[in-house]
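Here the structure is laid out as structure tokens; the discussion comes afterwards.
The values are calculated or read from the model by the stated rules, or taken from the named source; none is laboratory data. What you are looking at is a predicted structure, and each value in this text was computed from that prediction instead of being measured. Quick reminder, even Gly has a Cβ in these numbers, built from the backbone with ideal geometry, and neighbours come from all protein chains shown. With ligands, DNA and RNA removed, areas are computed over all heavy atoms of the protein, side chains included. Shrake-Rupley method; radii C 1.70, N 1.55, O 1.52, S 1.80 Å.
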Amino acid sequence: MKQKLLNMLQLQDQLNRHINPNWLQADNAWYRAIWLESAELMEHYGWKWWKAQEHDVEQIRLELIDIWHFGLSAELVSQQGDHGAAADNMLAQLQGRQSAETDFRANVDQLARFALEHQALDMPAFLSLLADVDSSFDDLYRIYVGKNVLNRFRQDHGYKSGSYIKSWQGREDNEHLAEICAALDADAADFAQQIYTRLTARYPGA
């Protein structure tokens with residue numbers, strides 16, 4: 001588990017540096033991104049008691065991955081970019097206390113509250129939310145690495161300038177990503193590089 005945490009922290013650092021080489025000193029409000037994403041998470045789960053709503057499980061998983069990106073970033077800032085210290089701290093949290101909340105919505109509230117009060121990710125609440133959509137730490141790792149690589153791929157192919165092509169062969173890049181990840185071994189040491197290579201092979205004009 002620690003090695004996977006290290007891998008994710010390294011990938012997050014690389015992506016953030018790709019966007020802004022001085023991101024650790026940029027004073028970005030990662031905690032704000034966490035609580036705002038928590039609101040989006042609540043929308044996909046449903047909270048309106050006056051109307052019928054269905055849980056959008058796939059979108060909930062994707063929102064949790066986005067929150068994880070911001071949580072990793074906040075942890076790296078708090079540890080001044082030290083990957084090992086960040087991994088040790090997150091591992092202790094993963095193996096520490098459990099969430100006192102049993103209701104999905106209450107855990108989303110707790111996630112947002114903790115972000116505002118402590119400017120960090122509440123790991124127990126986050127893990128409970130993952131479990132509620134039948135996702136394990138290994139699932140988190142596989143989906144996170146895939147999304148991280150796709151974000152880097154987008155940046156490398158003109159996402160910031162607006163020249164990136166999001167749909168290829170009638171499907172969005174997220175769909176291509178899911179298909180690629182399903183065919184690969186997430187435990188492989190070069191899992192991230194394999195994803196990037198296969199995305200490149202599919203991308204128009206690459």
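Work out the length of the dipole vector of the stretch 68-168 about its Cα centre, built from +1 on the beta-carbon of each Lys and Arg and -1 on the beta-carbon of each Asp and Glu, and round it to the nearest 20 debye.
So the dipole magnitude of the stretch 68-168 works out to roughly 560 debye.
Given a 1.4 angstrom probe, I'd like the percentage of the accessible area of the chain that is carbon and sulfur, rounded to a whole number.
Carbon plus sulfur share of accessible area: 47 percent.
Using a 1.4 angstrom probe, figure out how much accessible area the chain has per residue, in square angstrom, rounded to the nearest whole.
Heavy-atom SASA per residue in the chain reads 52 Å².
Under a point spin-label approximation (7 Å from Cα along Cα-to-Cβ), what is the Asp185-Leu91 distance to one decimal in nm?
Roughly 2.3 nm, to one decimal.
For the chain, modelled as a GNM with alpha-carbon contacts under 10 angstrom, which of Gln110, Gln80, Gln119 fluctuates the most?
Gln80
Between the stretch 150-206 and the stretch 1-77, what's the alpha-carbon centroid distance in Å?
Here the answer is 20 Å between Cα centres.
Quick one: length gained pulling Glu54 to Tyr203 fully straight, 0.36 nm per residue minus the C-alpha distance?
50.2 nm
List, in order, the whole-Hz ³J(HN,Hα) value for each residue of the stretch 153-163 obtained from phi through the Karplus relation with A = 6.51, B = -1.76, C = 1.60 and θ = phi - 60°; use x for Gly and Pro.
4, 4, 4, 5, 10, x, 4, 5, 7, x, 8
Each residue of the stretch 167-184 in order: what ³J(HN,Hα) in whole Hz does its phi give by Karplus 6.51 cos²θ - 1.76 cosθ + 1.60, θ = phi - 60°, with x for Gly and Pro?
10, 10, 6, x, 9, 6, 4, 4, 5, 4, 4, 4, 5, 5, 4, 5, 8, 10
Helix-only mean residue ellipticity at 222 nm, the chain, DSSP H runs n ≥ 4 weighted -39,500 (n - 2.57), per residue, nearest 500. What is it?
Here the helix-only value at 222 nm equals -21500 deg cm²/dmol.
Sequence-distant or interchain residues sharing an amide H contact under 5 Å with Trp168, placed H: which?
Asp173
How would you rank 7-15, 122-130, 95-103, highest first, on the average number of other Cβ atoms within 10 Å across their residues?
Per-residue Cβ counts within 10 Å, averaged per peptide and sorted highest first, yield 122-130, 7-15, 95-103.
For the chain, set up a GNM with springs between Cα atoms under 10 Å and report which of Trp50, Trp168, Trp23 has the largest fluctuation.
Trp50
So how strong a dipole does the chain carry about its Cα centre when Lys and Arg Cβ are +1 and Asp and Glu Cβ are -1, to the nearest 20 debye?
Result for the chain is approximately 540 debye, rounded to the nearest 20.
Averaging sequence separations of C-alpha pairs under 8 Å and six or more residues apart, then dividing by the length of the stretch 147-206, give the relative contact order as a whole percent.
Reported relative contact order: 36 percent.
For the stretch 77-206, what relative contact order do you get, as a whole percent, if you take Cα pairs closer than 8 Å and at least 6 residues apart?
Taking the mean separation of contacting Cα pairs over the length of the stretch 77-206, I get 17 percent.
Apply the Karplus parameterisation 6.51 cos²θ - 1.76 cosθ + 1.60, with θ equal to phi minus 60°, to every residue of the stretch 30-35 and state each ³J(HN,Hα) to the nearest whole Hz, in sequence, with x for glycine and proline.
For the stretch 30-35, the Karplus-derived couplings read 4, 4, 5, 4, 5, 6 Hz, x marking Gly and Pro.
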